[in-house]
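What follows draws every value from the coordinates through simple rules; no lab data is involved. Source: prediction; values computed, not measured. Quick reminder, even Gly has a Cβ in these numbers, built from the backbone with ideal geometry, and neighbours come from all protein chains shown.
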Amino acid sequence: MITLLDYGAGNVRSVRNAVEKLGGTLNMVTRPEDILSAEKILFPGVGNYENMIQVLNRKGYMAPLREYLASNRPFFGICLGMQALFQGSEEDLSNNESIGFFEGRVERFKTKLSVPHMGWNGIHLRQDSPLMDRIDTDARFYFVHSFHLIPHDPAVVLTTTTYDYEFASAVQQGNIIGTQFHPEKSGKQGMQLLENFIRLPDFTPRGRVDVPGCGLSKRIIACLDVRSNDQGDLVVTKGDQYDVREKPGDGDRGSVRNLGKPVDLARRYYEEGADEITFLNITGFRDFPLEDMPMIQVLEQTSKNVFVPLTIGGGIRDYTDANGRNYTALEVASRYFRSGADKISIGSDAVHVAKAFVETGKKTGKSAIEEISRVYGAQAVVISIDPKRVYVATRQGAAGHHVIKTDIPGPNGERFCWYQCTVQGGRTAMDLDAVTLAHACEALGAGEILLNCIDRDGTKAGYDLELIQAVKQAVTIPVIASSGAGSPAHFSEVFEHTGADAALAAGIFHRKEVPIAAVKIHLDDHGIPVRRMP
Ligand code: 1PR
């Protein structure tokens with residue numbers, strides 16, 4: 001029996017689903033005594049360290065946790081659940097007392113690379129632990145964090161990982177284990193590790209080893225644009241420059257393209273090796289996501305069988321329903337996290353918030369980006385940008401906007417352009433450029449940019465490299481290149497020319513024109529690191 005310690009933040013559903021899929025039985029901690037009577041504790045933590053420690057203190061879990069750990073019964077802390085075992089974190093501005101089982105603290109990454117460290121990275125094994133039995137030496141695991149451990153005693157380090165520099169990515173002493181990476185989000189290798197934890201009675205390490213692993217890979221993301229079709233069925237659709245309807249016939253306006261069912265397609269992409277899956281509810285701007293909850297059901301069902309990160313976007317904003325009840329964006333996002341999402345993506349609302357921030361120079365502290373980031377952590381907040389290219393004759397031709405020189409001249413031979421943000425799925429253009437938006441959203445607390453491009457969407461002409469480069473240079477958070485992938489060569493091109501952290505595609509995967517495996521083989525051949533399926 002596994003006892004799951006859930007303190008109410010982030011996505012514990014995936015951990016629960018993973019344990020159940022592996023045949024384990026779960027018991028939830030609801031009172032401090034449940035900790036003392038546990039046989040094996042699994043403690044997944046995501047979000048904000050300070051918030052976690054405060055909740056653990058408030059619920060009276062600190063003393064029983066220390067007593068349990070002192071008894072050397074099996075304990076597995078994931079991400080924040082591992083950090084909590086140390087003495088404190090730079091993320092905790094109120095300097096609360098932590099569990100302090102291990103000596104050392106948690107510090108923010110000091111690097112010029114994108115922070116959060118997000119994606120699939122390798123592990124260098126330092127102890128021969130039964131937890132790592134049957135794990136491939138070149139396995140990669142999913143990391144998402146801005147802070148990392150500095151343990152005092154090197155003997156407790158189980159694995160190290162390199163992100164600019166080497167840091168402790170897992171620790172173990174006796175039966176007390178913690179990993180910075182998320183096994184429940186790390187596909188088949190992560191499931192093997194969890195299975196070891198569920199099945200084995202004892203994890204005492206068999207001595208020290210020195211087995212190097214591989215490094216960080218680029219991520220390949222499958223994106224599912226979801227909406228109801230004219231018959232009311234929820235379908236995965238796909239547009240050409242955001243138009244998702246078939247070409248109209250005589251007297252009809254063309255039906256919504258139907259490329260499959262969201263849950264089935266997500267599972268297919270997981271099996272085929274997608275590193276992440278993104279759902280965008282493309283009519284979310286006009287529907288309220290909690291009304292009939294189809295996307296919640298999609299998430300709940302998908303997370304039962306898909307063990308890579310899931311992002312959900314569409315309609316994340318404050319909302320008042322027909323009865324006058326107000327819902328905050330944070331409430332909507334919380335519901336998604338509880339249903340299996342690891343990240344939420346904000347489109348239209350981010351444009352309005354960023355515009356106000358750029359105009360006033362003031363943060364309100366109340367925007368969706370700020371509130372969700374404060375509670376769930378920056379890594380859980382993705383900004384989805386839907387820009388359109390606007391040509392201008394000179395660099396000064398668009399006052400107040402970030403203008404770039406382009407190698408793709410405009411219809412009248414223009415050599416300059418800027419990228420205009422849109423809202424409501426490209427329907428309304430705003431007086432804000434994509435570079436300024438990305439920069440403002442990072443300042444407000446976003447952790448990642450999903451950079452679409454309306455001009456390239458569905459064209460198979462390749463990514464807009466100039467757009468991606470301009471945004472990538474303006475932010476330090478990870479950038480996902482999106483829109484226009486038509487062949488494996490487009491993926492190597494975007495990674496070689498822009499420094500994008502991940503590349504997303506939709507149409508070519510849905511229509512089975514290019515399998516995910518073909519993209520990864522191509523990237524591997526070009527020396528671009530990718531996670532290959534075992
Ligand atoms: O504004 O917070 O409610 O979020 C709505 C979300 O829905 C936004 O993230 C927005 O990007 C998305 N969206 C709205 N309308 C559309 C549409 O297509 N009509 N889809 C839409 C965005 C772009 C990508 C697509 C890539 C790759 N779709 O998701 O998957 O362009 O396509 P490709 O590889 O086939 O070229 P809010």
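Below are the figures for this structure:
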quantity: Whichever lysines have a C-alpha closer than 30 Å to that of K40, once near sequence neighbours (fewer than 8 apart) are set aside; calculated: K21, K59, K185, K188, K304, K343
quantity: Largest-first principal axis extents of the Cα set of region 375-534 (Å); calculated: 52, 45, 29
quantity: Label point distance in nm, D264-K362, each placed 7 Å from Cα along Cα→Cβ; calculated: 5.3
quantity: Zero-based 5 Å bins, Cα pair distances in region 148-262, whole percents; calculated: 2, 8, 13, 15, 12, 7, 6, 7, 8, 8, 6, 4, 2, 1, 1, 0
quantity: Two-site FRET efficiency, A399 against R427, from Cβ-Cβ distance with R₀ of 25 Å, rounded to 0.05; calculated: 0.50
quantity: Distance between region 378-416 and region 71-106 - C-alpha centres, whole angstrom; calculated: 45
quantity: Cα point-scatterer Debye curve for region 9-101, base-10 log of I(q)/I(0) at q = 0.18 Å⁻¹; calculated: -0.83
quantity: Filtered GluC sites (Glu not before Pro), region 283-386: DSSP coil and at most 13 other beta carbons within 10 Å; calculated: E291
quantity: M1-N323 FRET efficiency (beta carbon distance; Förster radius 35 Å; 0.05 resolution); calculated: 0.25
quantity: Label-point gap, in nm, between E331 and D407 - each point 7 angstrom along Cα→Cβ; calculated: 5.1
quantity: Under the Karplus curve 6.51 cos²θ - 1.76 cosθ + 1.60, θ = phi - 60°, whole-Hz ³J(HN,Hα) for region 361-372, x wherever Gly or Pro sits; calculated: x, 10, 8, 8, x, 10, 5, 4, 4, 5, 5, 5
quantity: Distance from region 43-61 to region 180-217 (C-alpha centre basis), Å; calculated: 24
quantity: Size of electric dipole in the chain: Cβ of Lys, Arg +1 and of Asp, Glu -1, about Cα centre, debye, nearest 20; calculated: 140
quantity: Neighbourhood net charge (14 Å Cβ-Cβ; Lys/Arg +1, Asp/Glu -1) for V46; calculated: +1
quantity: Spacing of the two label points (7 Å from each Cα toward its C-beta) at D128 and H352, in nm; calculated: 6.1
quantity: Principal axis dimensions, region 243-379 - Cα atoms, whole angstrom, descending; calculated: 48, 43, 32
quantity: Dipole axis of the chain (+1 Lys, Arg; -1 Asp, Glu on Cβ), positive-most option in G314, F141, Q297; calculated: Q297
quantity: Dipole of region 1-103, positive end: most advanced residue of M82, S37, S98 [Cβ charges, Cα centre]; calculated: S37
quantity: ³J(HN,Hα), Karplus 6.51/-1.76/1.60, whole Hz, each residue of region 500-509, x for Gly, Pro; calculated: 4, 8, 8, 10, 10, 9, 10, x, 5, 6
quantity: Sequence-distant residues sharing a close amide H with W120 (under 5 Å, placed H); calculated: F143, S217
quantity: Extended-chain gain in nm, criterion 0.36 nm per residue less alpha-carbon gap, N96 and E246; calculated: 48.2 nm
quantity: Region 286-335: trypsin sites (Lys or Arg not before Pro) falling in loop per DSSP and having at most 13 other Cβ within 10 Å; calculated: R286, R325
quantity: Reciprocal of mean inverse Cα separation for the chain (Kirkwood radius, Å); calculated: 23.8
quantity: For D386, distant residues with modelled amide H under 5 Å away; calculated: T422
